[in-house]
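Asks: This is the structure I have questions about; it appears just below.
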Amino acid sequence: MARFSCIFALCCLLTASASNIRIKSLSAARSFPANFGFGASTASYQIEGAWDVDGKGISIWDYLVRTDPNHIADNSNGDIAANSYYNYKRDIEMLKELGATHYRFSISWPRILPLGRSNYVNQRGIDHYNAFIDELIANDIVPFATMYHWDLPQTLSELGGWTNEEIVDWFGDYARILYQNFGDRVKHWLTINEPYIHCNFGYGYGRHAPLIQSPGEGYYECGRHILLANARAYRIYNEDFRNTQNGQVGIVLSSDWAYPASDSADDIQAAEDYLAFHLRLYMDPIFSAQGNYPQTVIDRVQAASTAQGLTASRLRPFTQEQIEYIRGTSDFLALNTYSSKIVYRNSSLTGTFVVPSHNDDAFLDTYMDDSWPASESPWLREHAPGFYNLLVYIKDTYNNPTVYITENGFSSTPGLHDDGRVNYYRNYLSALLDALAEGCDVRGYFAWSLMDNFEWAMGYTQRFGLYQVDMEDPQRTRTPRKSALVYKEIISSRVIDYDYNPDPYDTDGAFTVSASIIMTLGVAVINMVL
Ligand SMILES: *[C@@H]1O[C@H](CO)[C@@H](O)[C@H](O)[C@H]1NC(C)=O
């Protein structure tokens, strides 16, 4: 008994130290290694604007906001967004202000290939990204370039987009053009952003472009082709570019952590199923030793499809050749993660409805704990221990792959005093330190987002920026929030100091503004004298 309680106490201690991530410790073990990369993330449609200039083609989001403007919460669009197509030098200056060493941005497919296909390349689009990437390199910022962050050329969408298997060829051709034009300077390629979210909202529940509602079929077809397209882009790099360019290529996956709602076998299984249907559906085919979809998902969708009277599974099986083609096609995992879910089995979702959905196939429901601090986004509450749990799960399940956190962040209302975001970043980065101490091979962290941007169907109603963007100002002026000053301090000191309490009005940013006002006045005075 004594022995038991001793072990019990030890367990409690370990659990407490793993989940009590608010401890303030400045020991070497609680600091980020010197070579750990810090940066911020954005995506083309969310920040660039310039939707119809310099030969750019129409994307599915350009199309959506013109044909169905009420679909966006504030009837807004990304026509101008943060105007980064023109403001990119200021964006890079902001990265320098933060002390960031890395930037994750995405390239707009229709800016490079206005009609989607590679037979017509828009040189002005190439010129734009060349100038932008050159400016990053000149500022010693390592580019992480996403090839596809949801702005599909509309021409390809009209042929079925990600539900048409031809897209494996279309995407491969596009990737080749990117390697040819930018691969001399871009050494980290992120192929496709978040298949789960893109397929679920774009082809499942019709909340994002292209607004397809097919949660039991289109959803799975989209994911299938994203896995094949990622593999195509990876293999093209291996065959024709890796020797000369020496870079890396990987996919961007997203998942929250999942806790069982109770210790019942059903709920424990439901939490495992959540990870299988959200993360492992995309991760196993690439990162597991055997490849292919998780067997639980294969079996569940097959059984539900049969019960629905279908003659084949809605999760179309890969051939053995395809399994081998996809397996191993990521040099690292780019992981986007924001929150955690509590999961329970809902047995009335039997997976046998006539109108099928992947949610019914999983037959589970989720909620979040009310005590977790709420953001402006209903799906996002702060719970940093889940971040730690997810990283350790990935390490243990997939033989400790190299991971970059390519998105992590918290939404707020406008305003510079963003203490919710400050707490979020401190606690998540502290959980990340715990994961590093546990041996997780995480090499870098990108905050979502560098600046406020077009948050898809939510328009500008949810702000994710370290920098506030004044969306009423034609210049789209950027101002650092308190979180930007805190992040800057973490990057330079490599430790998390919970007592640091900067005033966001007293900033380098403000200094830059007043310096430029002084310059302008000075020029005006000189002009007057002359
Ligand atoms: C279970 O799912 C059904 C069907 O969607 C729903 O009506 C019900 O509210 C869910 N039950 C619980 C406890 O969430």
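The values are calculated or read from the model by the stated rules, or taken from the named source; none is laboratory data. All values derive from a computational prediction rather than experimental measurement. With ideal geometry, Cβ positions are generated from the backbone for all residues, glycine too; neighbour counts draw on all protein chains shown.
Asks: All but one of (1) more than 14 Å from the ligand (Cβ to nearest atom); (2) surrounded by 16 or more Cβ atoms within 10 Å (Cβ to Cβ) hold for residue 295; which doesn't?
Replies: Among (1) more than 14 Å from the ligand (Cβ to nearest atom); (2) surrounded by 16 or more Cβ atoms within 10 Å (Cβ to Cβ), the lone unmet condition for residue 295 is (2).
Asks: Do we find that residue 438 is in contact with a Lys or Arg (Cβ under 9 Å, 6 or more places away or on another chain), under 18 Å from residue 33 (Cα atoms) and surrounded by fewer than 22 Cβ atoms within 10 Å (Cβ to Cβ) in this structure?
Replies: Yes.
Asks: Do the conditions hold for residue 329, that is, is it buried (at least 20 other Cβ atoms within 10 Å of the Cβ) and more than 19 Å from residue 204 (Cβ to Cβ)?
Replies: Yes: the conditions hold for residue 329.
Asks: Related question: Say we look at segment 478-502 and pick out the residues that are assigned to a loop (DSSP other than H, G, I, E, B) and touching a helix residue (DSSP H, G or I) at 6+ places or on another chain (Cβ under 8 Å); which of these is farthest from residue 411 (Cα to Cα)?
Replies: 495
Asks: Do we have any residue at all in segment 30-48 that's modelled with pLDDT under 95, farther than 27 Å from residue 478 by Cα and not in a loop (DSSP other than H, G, I, E, B)?
Replies: Yes, because at least one residue in segment 30-48 is modelled with pLDDT under 95, farther than 27 Å from residue 478 by Cα and not in a loop (DSSP other than H, G, I, E, B).
Asks: Here's a follow-up. Anything in segment 249-280 that is of a type in the set (A, V, I, L, M, F, W, C) and under 19 Å from residue 405 (Cα atoms)? List them, or say none.
Replies: Residues satisfying the conditions are 249, 251, 252, 253, 257, 258, 275, 279.
Asks: If the Cβ limit is 8 Å and pairs must be 6+ apart or interchain, which residue in segment 419-441 that is closer than 13 Å to residue 394 by Cβ pairs with which residue that is basic (Lys, Arg) and in a helix (DSSP H, G or I)?
Replies: From segment 419-441, the pairs are 435/395; 438/395; 439/395; 440/395; 441/395.
Asks: Mind checking which pairs have a first residue in segment 324-350 that is more than 21 Å from residue 370 (Cβ to Cβ) and a second that is part of a loop (DSSP other than H, G, I, E, B) and within 16 Å of the ligand (Cβ to nearest atom), Cβ under 6 Å, 6 or more apart or different chains?
Replies: 349/363
Asks: For residue 430, which of the numbered conditions (1) buried (at least 17 other Cβ atoms within 10 Å of the Cβ); (2) out of contact with any helix residue (DSSP H, G or I) (no Cβ under 7 Å at 6 or more places or on another chain); (3) among the hydroxyl-bearing types (Ser, Thr, Tyr); (4) not in a strand (DSSP E or B) fails to hold?
Replies: Of (1) buried (at least 17 other Cβ atoms within 10 Å of the Cβ); (2) out of contact with any helix residue (DSSP H, G or I) (no Cβ under 7 Å at 6 or more places or on another chain); (3) among the hydroxyl-bearing types (Ser, Thr, Tyr); (4) not in a strand (DSSP E or B), only one is false for residue 430: (2).
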